[in-house]
Amino acid sequence: MIKCKYVHAFLALSLTLSFALSGCSEVEQSSTDEMNPAQHAPMQEGVEFDFWEQIVSVHESLPEFILQLRGEGDDFTELSIVNSSTGAVVYQDYFNIEDMWGIRKDVFAVELIDMDFDGYQDIQIFTGYGGNWKNDYIYIMWSADEASFVGDIYGLSSLGLPTFDVEQRLVHSIQRASAADHWFYAHQYINGELVTIEEISDNCVWDHWLDDSAKEQIKILEPLYETDSTFMHFTKKQLDENTMELVIVEEKYVLFTDQVEAAEYSSDSEMGLLLAGYEKYRD
């Protein structure tokens, strides 16, 4: 039997590549020449380091800053940013491992990326793996208006695997509910806020949702349908600038047989309405 996850792997890869080709190659990041080797080397058994630092260059018009991490055991639990010219602490944060998470010493990584496309570098810190598909990051933004670091003011840490498209000035992210249920998002900065402007989803209509009656109806409507066929539900939403809400601009069901697209149905067709009635079992 064809499993939805195999069909989805191809579809998700196609969508992900389309996002990547739209401009992720333009993302700027810091050179690794100035990074402490401890950032890249796995933590050795029985060896602990409690302090780490890296020079951070936000903009050529600004002095260099020093990102400092401190913590005992397996995690850093304190973060500071120091003005290299004056020695003054300009940003500070603490991490309570019991309530949130620390910064794992064995896997963490620091990148400088202009994440809000204002010409100034911001700081992204990979802190560890969130489980299943999501990674955890700390975001520290530079505010030109305040001439200071201001933290994650756009809520980037709530996004799944965000990437930053400098050319199109978009932030892309992904959300996964299962091996065959994904949502792909495009976000844009509008009036100082990060707004979702597009959502593309592809979801499997699972075989066990369909009873015998539904399968018989499907066979009548679509002669190409076989017991090992898979239906995928595709939906595309875009931002309505008048209501500032996402509205459906495209929706369809696609039949895959032997992992090849065999037929397509609109959401308001007889087949589409039939399948939609069984998608209620998704929740």
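The values are calculated or read from the model by the stated rules, or taken from the named source; none is laboratory data. All values reported here derive from a predicted model rather than from experimental measurement. With ideal geometry, Cβ positions are generated from the backbone for all residues, glycine too; neighbour counts draw on all protein chains shown.
Structural remarks
Quick grid of which residues meet (1) closer than 19 Å to Asp136 by Cα; (2) β-branched (Val, Ile, Thr); (3) touching a residue at least 40 places away in the same chain (Cβ under 8 Å):
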site	(1), (2), (3)
Gln54	no, no, yes
Ser61	no, no, no
Thr77	yes, yes, no
Gly87	no, no, no
Phe95	yes, no, no
Ile103	yes, yes, no
Phe108	yes, no, yes
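- When the range 216-242 is filtered for residues that are free of Cβ contacts under 8 Å to residues at least 12 places away in the same chain and in contact with a helix residue (DSSP H, G or I) (Cβ under 9 Å, 6 or more places away or on another chain), nothing remains.
- Entry remark, the range 116-157: residues being more than 20 Å from Leu79 (Cα to Cα) and either of a type in the set (A, V, I, L, M, F, W, C) or not assigned by TED's automatic domain parsing to the domain that holds Leu62 (or both) number 3 in total.
- Total residues in the range 111-164 satisfying the condition of being over 17 Å from the mean Cα position of the chain (by Cα), free of Cβ contacts under 8 Å to residues at least 12 places away in the same chain and outside any strand (DSSP E or B): the figure is 3.
- Of all residues in the range 228-253, those satisfying the criterion of being outside any loop (DSSP other than H, G, I, E, B) and farther than 18 Å from Ser267 by Cβ are Leu239, Asp240, Glu245.
- So Gln168, is it out of contact with any helix residue (DSSP H, G or I) (no Cβ under 6 Å at 6 or more places or on another chain), at pLDDT 95 or above, surrounded by fewer than 20 Cβ atoms within 10 Å (Cβ to Cβ) and in a loop (DSSP other than H, G, I, E, B): yes
- For Tyr225, the criteria (1) touching a Lys or Arg at 6+ places or on another chain (Cβ under 9 Å); (2) assigned to a strand (DSSP E or B) hold in every case but one, which is (2).
- Subset tally (residues that are surrounded by fewer than 17 Cβ atoms within 10 Å (Cβ to Cβ) and free of Cβ contacts under 8 Å to residues at least 60 places away in the same chain) for the range 198-210: 1
- Residue count for the range 220-243, restricted to those that are surrounded by 11 or more Cβ atoms within 10 Å (Cβ to Cβ) and either within 25 Å of the chain's Cα centre (by Cα) or of a type in the set (Asp, Glu) (or both): 12
- Some residue of the range 251-269 being within 28 Å of the chain's Cα centre (by Cα), of a type in the set (Gly, Ala, Ser) and under 27 Å from Asn135 (Cβ atoms): no
- The range 182-195, residues that are modelled with pLDDT of 95 or more and buried (at least 18 other Cβ atoms within 10 Å of the Cβ): Phe184, Tyr185, Ala186, His187, Leu194
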